[in-house]
Amino acid sequence: MVSPTACSRKLSHSPTDDEDDIWSGFSPEPNEGEQEGTSCGDDENESNEDAETSSGINVDGYALDGFSERDAPPEILEDDNDSADEHISEDVDKDNENTTAEDIEQLGTVQGKATDSIGHADIRPRHTVRHVGDRSNSMSRKVEKRAIRTLHLAGNPGSNVLKLQIEELLDQIRPSHGKTEATAESTLKSLKGIIENIPNSDSLPILQAEEELMKFNKVRVPFPDPRPGRDTQYKLQYAKPAAINVVGSYALKIESALDHTVIDLVVLMPSLLFQDKDYLDFRYFYRRAYYLASLAAGIRKADDGNLSLRFQHLHGNTLLPVLIAKPRTEHGAQQRFGANYVIRIIPSAPDTLFAISRTMPNKKCIRGDNDSTPFYNASLRLDAAILPYLKLIHSASVKSDFFKDACLLGRTWLRQRGFGSSIATGGFGNFEWAALMAILLQDDLPRGITKFSHGFDSFQLFRATLQFLASRDLTKQPIWYQCSDGAMPTRSTCPMFLDGLRGMNILYKMDSSSYKAFRYEARTTIKMFGDSKENPFEAAFILKNDIPALRYDAVLELRPGPSDLDQVYSIMSRSLGDRVSLIKVGVSSQADQLPAWILEDIPRRTNEDSGTQIGLVFNPINVNRLIDHGPLAEDPEGSARFRQFWGDKAELRRFKDGSVRESLVWSSKGNVSITEQIVRHVLTRHMGVEVAESTIYHGTELARKVPGGEQQTTTAFKGIMTAFETLSNDIRGLDSLPLAIRQITATDSQLRYSSIDPPLYGSTKQMTSPASVIIQFEGSGRWPDDLEAIQRVKIAFLLKLSSLLTTSHPSIIARLGLENSQQPYTNCAFLDITYPTGHSFRLRIHHDREHHLLSTRLHSPSSSSLLPSKTKESLAYALASHKRAFLALPAHTTALQTACFRFPALSPTIRLLHLWLASHLLTPHFPSPLIDLLAARAFTAPWPWDVPSSAAMGFQRTLFFLARWDWRAEPWVVEFSAAEEVEAQEGERGGQGSSRRGGGMTAEDRRQIAVRFEAWRKVDPAMNRVAAFVASDVNREGTEWTEWRPRKVVLGRMVGLARAAMEVVEREGYRLDPERLFVRALGEYDFVVRIKKEFTRAGRRNRESSNGGEFKNLRLQRKVEPEKVGFDPVGAFLLELEEVYGDAVVFFYDGYREDVIAGLWDPHTAKRKWKVHLDYSSLPLHRDGDDVGDVEINKDSILGDIARLGGNMIEKIEMN
């Protein structure tokens, strides 16, 4: 949950595609401040009449050329510094200062009185991992507190909270032209005067014109490839422009205040420079390039060095170079705008220069090509459509009051996902968003397209546009807007939104890969909006989700990058098929940007150093499929195509249904994943051995950390689940039990697919830890009502069960064990069952009346007042243990089993998180169910991404969410049923269908969880008893797994480690060495106890596997030793240390490798006055007469005791 002002705390500048490449060509300059984020005054309240009569952007005191007053965009208003607080009602109810009695009653067994409350200064701010944002908070603290609580109670996309958040965001990102336009207009005025005074040039042959420009002005003409040949007959010249206009986001006031300002200055070339056939064979682009070079030469000559000039390809299109002018500022100057804006000078053509019919996407404008040239045609048409699109977008902003705000929301959404107008960033940016939305607001749309209402607010316009893009596949269902029948273009594999009035496909820069990636993100966002349980604001507009490691399951690096990326995409798409949900060619957009270059240089056509990156998002259901089915043998043409593509890998096989098919068989053995096998095979066959061998496959490194490999997922636990089913059948098959069996329930991590090692992993002959199982008998009135007597009856039941099992199944070994001998009211017995296969189970009996008896005796007013304090403590402990072991744990295990089947990547993700916590010595502080819930959050509420489809993605996203978790102020809520509702969305329709209700939490349930969390914070403000509040739809108390542990210091360390891990993931991306995430830092602890290798997990496993050189056949015949089941000497040693020294030392332990125990001295053991009954061994520092002075903990004595307790297990103890 986030506050409505989360954007104000998190929003930071993240350059858009329009300026990423612009700024890359300039040397760094001093940062001279940031733009203010205040609202733009009365801009939204302008009447249509005012907008219609405005004279546009004033340069030198008059309207821009080429526009009538009616066509011009509205003038940029001065900022009146309206406070954001004006958008917030001041009639806010005062926060409740005291918790109600009903709130406290929901806490159950909460005892004690509240201590002093924590001030706001103690609440740690949320970690900003690649967010947008750090701006001043304009909302009062009281409003924020109320909004935070409201967020717990609501989250519906139509809620007032979301509207409040969006309005707060818009207030910050709306442009504030009043404070910066004076400097910009001065520069524009100067540029306009310079351009108008550039003299006309003579008409010269093309090569002579280029040579003279270079010789006399040191400006090289940025001709596109192919360059004009020496036999070119036509001539080039420069003439004064027909008009000079400011266009784009700056003119329309739809730029974001958080972005570097890019001012597009369009210079309209006169028609006399062109001939009728100039649209053919690059002739227009040659004339355009010479005109741009002449502009650059004239500006540099007249400017006296006030502007830094570079050439740049417009949006990465090598056909359209532009001139970038960045104002220079004096060293130490305090001009705010000087370092924050650039001017992009764009030559353009009159819109009537070439007939639209000649440049439609189906026309061939390059002689010698056999096919049409849609990209070439659209690039030419774009130059002629700049001013018409300015008029279209301005007209839409006049008709719809919220059009500009919707453009700002779309701009923010695109930036957070790495999309932009540049080809390298997908080819869909701010211009495409605004133009498409403006057309969808028109009245004359094609049949089947729903017109947007002018009455939509900003979020409704944004969501409707996104839903349109998500729901309609424009590669299969192209849109022809105002396109005559004679000009209908042919269907292509690229998306098509053809604007017939302006003759341009708006999506011409998008290829199949980028378009599918865009739709994938759009569908994910629409599904997120359909999830009524989550507030979508932060995920949609705040979180930066373009990190490749969090976005793709695998990334391929092809070096050197192939020239034909469409061929690469076609090969990958055909070979991987339904194994992947997305293939994105070009992952690292920043590496693919073409930098600006100085005027004397030759332009760079490609970025040779970047290579090609291909991102893959797996389909978890099919990604590990071993056999691919091809065409039937009876289909000779299909079989021939199949064999031609796959080569010698294809083979004929007969299947169980009797069919004979071409097929592919892949290997599941070794460290090479099936996906990597496929990729390397097809690259070798179709692109050569050199390309295949140089390709680097990233994505399997983290999966290899999971014992058993990621490919196995839940199948690694198939043996233990089969054995559990056998146990259940064996028990239910017994005839002489005193009572019938009602239920046999699994409660162990090994039976919910979340233990690090699968049972009997590797060469292990028997399980090291038995799997816990709960047995519940049918009800009977013969059970005693005495709590201690119930425990004795349980022992009798277990003895009877042991006798019957061993009699009916002689191969089974049954051993009765006792536990909790110091707690008379807690379960005191269990039965260990060991099968010859090595599988072991620990059975405990659940009596349903036990909970009622414990609760009644503890809370009854008549009896509780007479109970001794120790008896009350024992009863409270027994009640909590009973609820956790017999009620919460079975429900949690059942829910997680279902979730692991629904999400194949969940099981290895949980195991990786277990491993990560263990490697950082946090094992004793995080119970297994708590770790399950921490990992499940990335699957049940994955926004802003879709559900993870691999262990690596799930694990890294879990670290991302943990790094951002403010556990002091926010509960961690996991709703297992939420995933079912999201899956019910109709993904292909863009999430238009409504979600079906499952068995999850209602709004009232979520409200009660929020109330319970707030009540705990009031009852325990110091967070000594409950630091982390973690609830789920099956266990809604929130404290089952977090009471007394983890402590605040441990939670702080866990979040800090997650933040550090995310910084490494962001910095190194998909090239990250995963071992770096699991490196422990022992220097931060006060002392470290190192365990001898023979007592560690690896040492015991090696001893079992080697067994002194025993022959393998004898080792296989060795019988199971049940007395070793559950034998964990290091774990028992740690438990004893915590029992004896837990009040003085915080212990840390690697529960997987079992090789290190570390400790921190508790801060309260520092120097203090001596008193009787200290909880630890103390050492006097000095004496004053007969009075005992200050004392401190006797560290040497305690460490000596630890060494004696550990005995032969301890190798050495290190003090830091």
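The numbers here are math on the coordinates, done by the rules we state, and not lab data. Quick caveat, the model's predicted, so the values are computed rather than measured. Every residue, glycine among them, receives a Cβ derived from its backbone with ideal geometry; neighbour counts consider all protein chains shown.
For the range 542-711, dividing the convex hull volume of the Cα atoms by the residue count gives 158 Å³ per residue.
Computed over the range 629-680, relative contact order equals 32 percent, with contacts defined as Cα pairs under 8 Å that lie 6+ residues apart.
Between residue 648 and residue 602, what's the calculated FRET efficiency when r is the beta-carbon distance and R0 is 45 Å? Round to 0.05. Calculated value: 0.50. Cross-link check: pairs 163/533; 476/516; 1048/1212; 253/399; 189/240; 363/516 evaluated at a Cα-Cα cut-off of 19 Å; pairs beyond the cut-off: 1048/1212; 363/516. Averaging over all projection directions, the Cα-based convex hull of the range 701-820 occupies 9.3 nm² in the image plane. Each peptide in 376-386, 905-915, 1002-1012, 393-403 was scored by the mean count of other Cβ atoms within 10 Å over its residues; highest first, the order is 905-915, 376-386, 393-403, 1002-1012. With the convex hull constructed from alpha-carbon coordinates only, the range 712-897 shows a mean projected area of 11.4 nm² over all directions. Where both partners of a DSSP beta bridge lie in the range 712-897, what percent of those bridges are antiparallel, to the nearest 5? Expressed as a percentage, antiparallel bridges in the range 712-897 total about 70. FRET efficiency for the residue 1138 to residue 808 pair, using the beta carbon distance and R₀ = 41 Å, is estimated at 0.50.
Ranking of 1093, 649 by neighbouring Cβ atoms within 10 Å, starting from the fewest: 1093, 649. Its relative contact order, with pairs defined as Cα atoms under 8 Å and 6+ residues apart, puts the range 542-711 at 27 percent. Among 513, 950, 532, a tally of other beta-carbon atoms within 10 Å of each Cβ gives an order, fewest to most, of 532, 513, 950. Evaluated at q = 0.12, 0.14, 0.21 Å⁻¹, the base-10 log of the normalised Debye intensity for the range 331-445, with identical point scatterers placed on the Cα atoms, takes the values -0.62, -0.81, -1.29. What residues from the range 196-237 fall in the zone where the backbone N is under 12 Å from a label point 7 Å along the Cα-to-C-beta line of residue 304? Label zone hits: none.
Full extension of the chain segment joining residue 668 with residue 627 gains 13.7 nm, where the gain is 0.36 nm per residue of separation less the Cα-Cα distance.
For the residue pairs 277/364; 870/1171; 215/301; 235/364, alpha carbon separations beyond 18 Å are given by 870/1171; 235/364. For the residue pairs 765/1124; 800/1124; 192/218; 765/800, alpha carbon separations beyond 18 Å are given by 800/1124; 192/218; 765/800. Straight-line cross-link partners of residue 544 among the lysines, defined as a Cα under 19 Å from its Cα and at least 8 positions apart when in the same chain: 10, 527, 584. Projected label points at residue 788 and residue 453, each 7 Å from Cα along the beta carbon direction, are separated by 7.3 nanometres. Would the range 728-794 count as rounded, prolate or oblate if I go by the C-alpha gyration tensor, calling it rounded below 1.5 in a/c and otherwise prolate when a/b exceeds b/c, oblate otherwise? Prolate, because a/c is 1.5 or more and a/b exceeds b/c.
Going from the residue with the fewest nearby Cβ atoms within 10 Å to the one with the most, 167, 690 rank 690, 167.
Here the ratio of the Cα radius of gyration of the range 177-541 to 2.2 N^0.38 Å is 1.03. Cross-link reach is defined here as a Cα-Cα straight distance under 24 Å, omitting same-chain residues fewer than 8 places apart; for residue 872 the lysines meeting it are 113, 794, 883, 1018. Taking all Cα pairs closer than 8 Å and separated by 6 or more residues, the relative contact order of the range 999-1076 comes to 22 percent.
Computed extension length for residue 1005-residue 477: 185.7 nm, one decimal, from 0.36 nm per residue of separation with the Cα-Cα distance subtracted. A simple spin-label model places the labels of residue 566 and residue 1216 5.8 nm from each other, with each point 7 Å out along Cα-to-Cβ. Estimated at 0.36 nm per residue, the fully extended path between residue 780 and residue 1177 surpasses their Cα-Cα distance by 137.7 nm.
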